[in-house]
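*Asks:* Encoded as structure tokens, here's the structure I'll be asking about.
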Amino acid sequence: MNFSFLNNLPGELATFIMAMLPIAEVRVSIPMGLFVYGLPISSALFWSLLGNLSIGFLIIVLINPLASYLFSKSEFFRKFFNWIFLRTRNKFYDKYQRFGDLALVLFIAIPLPTTGIWTGSIAAWLFGIEKKKSFILVSIGAIIAAAIVSFTSLGIYILAF
């Protein structure tokens, strides 16, 4: 993935934007803030969480009207969103039925590809979780993920020196 568009931005803004991207999120933005931009851990953590939580909030608030609009206007978007929704539902349904809200928090908290605030926010919408509750749950998951990535990044840094 090419992130050259971030090269000329201040480290804080680049970290914030990186945290908003669906594949990157905090699992890339925190190490990038620390090791590429030389931000202190508090700053890398703050800007990563702010970016990640901002996109989570936007998804939760905008997904229903956006999906409804795009479904009605475009066959391409109807197929695309159906694919994303089916994939998310299949990946998450059994866990949500078994563990409820905790499943959503843990799904977001584990910093692996295809987990995170993007997929978790879509899953919350698919399962009809109320917006305020969704934001609280995805925020808890994002904070846990950020802590895991921070501790891991710092541990790798300490071991390297």
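The values are calculated or read from the model by the stated rules, or taken from the named source; none is laboratory data. Please read these numbers as outputs of a predicted model, since none were measured by experiment. Because the Cβ atoms are built from the backbone with ideal geometry, glycine has one as well, and the counts that use them run over all protein chains shown.
*Asks:* Would you confirm, using the coordinates I've provided, whether S68 is without any contact (Cβ under 8 Å) to a residue 12 or more places away in the chain, more than 15 Å from the chain's Cα centre (by Cα) and either part of a helix (DSSP H, G or I) or under 23 Å from I136 (Cβ atoms) (or both)?
*Replies:* yes
*Asks:* A follow-up question, please. Taking the condition within 12 Å of E25 (Cα to Cα), assigned to a helix (DSSP H, G or I) and out of contact with any strand residue (DSSP E or B) (no Cβ under 9 Å at 6 or more places or on another chain), does T114 pass?
*Replies:* So T114 does not fit the description; no.
*Asks:* Just give me the residues in the range 1-54 being polar (S, T, N, Q) and modelled with pLDDT of 95 or more, in sequence order.
*Replies:* T15, S29, S42, S43, S48, N52, S54
*Asks:* Okay, moving on. Would you confirm whether or not the range 132-151 contains a residue that is among the small types (G, A, S) and not in a helix (DSSP H, G or I)?
*Replies:* no
*Asks:* If you don't mind, another one. Select from the range 83-99 the residues that are surrounded by 12 or more Cβ atoms within 10 Å (Cβ to Cβ) and of a type outside the set (K, R) and list them in ascending order.
*Replies:* I84, F85, T88, F92, Y93, Y96, F99
*Asks:* Pairs please, first residue from the range 35-47 and at positive phi, second anywhere and outside any loop (DSSP other than H, G, I, E, B) and not basic (K, R), Cβ atoms under 9 Å, 6+ apart in sequence or on different chains.
*Replies:* Taking only residues 6 or more apart or on different chains, the pairs are G38/G11.
*Asks:* Restricting to the range 25-45, name every residue that is more than 16 Å from V138 (Cβ to Cβ), in contact with a Gly (Cβ under 9 Å, 6 or more places away or on another chain) and of a type in the set (A, V, I, L, M, F, W, C).
*Replies:* Matches in the range 25-45: M32, V36, L39, I41, A44, L45.
*Asks:* Now for a different question. What do you reckon, is K79 assigned to a helix (DSSP H, G or I), over 19 Å from S54 (Cβ atoms), at pLDDT below 85 and of a type in the set (K, R)?
*Replies:* no
*Asks:* State all residues of the range 2-25 that are touching a residue at least 60 places away in the same chain (Cβ under 8 Å) and outside any helix (DSSP H, G or I); if no residue qualifies, say none.
*Replies:* Once the filter is applied, which keeps residues that are touching a residue at least 60 places away in the same chain (Cβ under 8 Å) and outside any helix (DSSP H, G or I), the range 2-25 yields P22, I23.
*Asks:* Only one of F107, F127 is aromatic (F, W, Y) and either surrounded by 21 or more Cβ atoms within 10 Å (Cβ to Cβ) or modelled with pLDDT of 95 or more (or both); which?
*Replies:* Within the list F107, F127, the selection yields F107.
*Asks:* Here's something else I'd like to know. Which of the residues spanning the range 33-43 are within 10 Å of A14 (Cα to Cα) and buried (at least 23 other Cβ atoms within 10 Å of the Cβ)?
*Replies:* G33, the sole residue that qualifies.
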